[in-house]
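Student: This is the structure I have questions about; it appears just below.
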Amino acid sequence: MIGSLAAFYHGDLDLEDPEQRRLAAIRLIAKVPTIAAACHRYSIGWPIRYPRNNIEYVDRFLHMMFEVPSEPLQLKPIVAQALDLLFILHADHEQNASTSTVRLVGSTGANPYACVAAGVAALWGPAHGGANEAVLRMLAEIGRPEDVGKAVERAKDKSSGFRLMGFGHRVYKNYDPRATVMQKTCHEVLEAVGDPDDPLLKVAMELEKIALNDPYFVDRKLYPNIDFYSGITLKAMGFPTTMFTVLFALARTVGWISQWKEMFEDPQRKIGRPRQLYTGPLRREYAPLETRG
């Protein structure tokens with residue numbers, strides 16, 4: 001759907017024109033939430049809600065997601081505040097897989113709708129955009145708060161094959177600074193709208209408590225990261241896990257567009273061309289074609 005926007009705005013794709021680049025950026029940032037909410041509602045058989053232009057960006061998205069025709073949507077302010085915070089924290093994060101994809105495709109001169117569509121495709125794999133969804137699957141696997149201790153011991157045993165998802169980070173070797181910001185908001189959301197009887201949320205809170213105090217995790221600096229807190233926060237808000245990666249793409253669109261714009265406006269812009277170093281054998285024996293049976 002994002003790629004198809006190029007067909008709707010094909011007359012405004014002279015990318016050498018700064019005004020057309022600006023309009024393309026605005027359109028993408030505005031329309032991705034509309035597309036995301038429409039896809040969700042279509043998937044569950046609800047009528048699509050059009051955006052209300054008299055309310056703020058996050059509130060507008062929440063209305064498109066959850067409002068029904070028969071009654072207005074009543075939301076506690078903490079929900080919009082927390083989602084706004086999540087969107088900001090996920091907007092940009094250096095040269096991750098999807099951002100690198102957007103820049104590489106953009107370096108060919110492709111239109112920004114195609115570039116962002118390529119970024120969305122890069123999120124398809126669970127190793128990038130699906131980390132917070134994996135956290136909830138792990139919590140479901142643990143099952144009960146009283147089983148968290150056993151899960152922690154399994155995680156310490158490298159031969160068990162069990163990993164605690166949502167802990168540690170490839171870039172942040174100490175504490176994920178985004179998790180520091182998100183932790184407080186996560187607890188506020190759970191207190192305001194979370195189901196106190198939800199077993200997954202109970203497991204999450206018990207796991208957080210143990211991991212923050214267990215010497216094994218503390219010594220290895222395996223602290224909860226943003227995926228741990230965002231997963232349980234989104235669940236408490238009522239988002240299905242199938243929407244988690246979509247929300248990631250929605251938030252990251254702002255960063256993708258910023259990165260694309262920076263790349264495109266670089267006076268030294270060149271097409272991306274990663275290089276490979278061949279490390280195989282230099283010479284190999286072979287049989288001439290005429291001698292092969």
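The values are calculated or read from the model by the stated rules, or taken from the named source; none is laboratory data. Just so it is clear, the model here is predicted, and its values are computed rather than measured. Neighbour counts run over all protein chains shown; Cβ positions are idealised from the backbone, glycine included.
Student: Out of LEU250, LEU212, LEU277, I need the residue that is modelled with pLDDT of 90 or more and over 30 Å from GLU19 (Cα atoms). Which one?
Tutor: LEU277
Student: Quick check on segment 125-145: of everything there that is under 27 Å from ILE257 (Cβ atoms) and free of Cβ contacts under 8 Å to residues at least 60 places away in the same chain, which residue is surrounded by the most Cβ atoms within 10 Å (Cβ to Cβ)?
Tutor: The qualifying residue surrounded by the most Cβ atoms within 10 Å (Cβ to Cβ) is HIS128.
Student: Among the residues of segment 95-105, how many are over 15 Å from THR245 (Cβ atoms) and outside any helix (DSSP H, G or I)?
Tutor: 1
Student: When you look at ALA82, is it under 25 Å from LYS184 (Cβ atoms), under 16 Å from the mean Cα position of the chain (by Cα), assigned to a helix (DSSP H, G or I) and touching a residue at least 60 places away in the same chain (Cβ under 8 Å), yes or no?
Tutor: yes
Every residue, every condition in (1) of a type in the set (Val, Ile, Thr); (2) more than 21 Å from VAL246 (Cα to Cα); (3) at pLDDT below 95, yes or no:
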site	(1), (2), (3)
ALA7	no, yes, yes
LEU15	no, yes, yes
LYS31	no, no, no
GLU67	no, no, yes
SER70	no, yes, yes
LEU73	no, yes, yes
PRO77	no, yes, yes
HIS90	no, no, yes
GLY119	no, no, no
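Student: Please indicate, with yes or no, whether at least one residue in segment 106-122 is closer than 22 Å to ASP197 by Cβ and either in contact with a Gly (Cβ under 7 Å, 6 or more places away or on another chain) or in a loop (DSSP other than H, G, I, E, B) (or both).
Tutor: no
Student: Can you confirm whether GLU94 is modelled with pLDDT under 95, surrounded by 14 or more Cβ atoms within 10 Å (Cβ to Cβ), out of contact with any helix residue (DSSP H, G or I) (no Cβ under 7 Å at 6 or more places or on another chain) and under 30 Å from VAL181 (Cα atoms)?
Tutor: Answer is no for this residue.
Student: Another one. Only one of these is within 22 Å of ALA38 (Cα to Cα) and either in contact with a helix residue (DSSP H, G or I) (Cβ under 6 Å, 6 or more places away or on another chain) or not in a helix (DSSP H, G or I) (or both): ILE257, ILE232, ILE271. Name it.
Tutor: Answer to the check: ILE257.
Student: Inside segment 186-196, can you point out the residues that are among the charged types (D, E, K, R) and closer than 17 Å to VAL148 by Cβ?
Tutor: Selection gives nothing.
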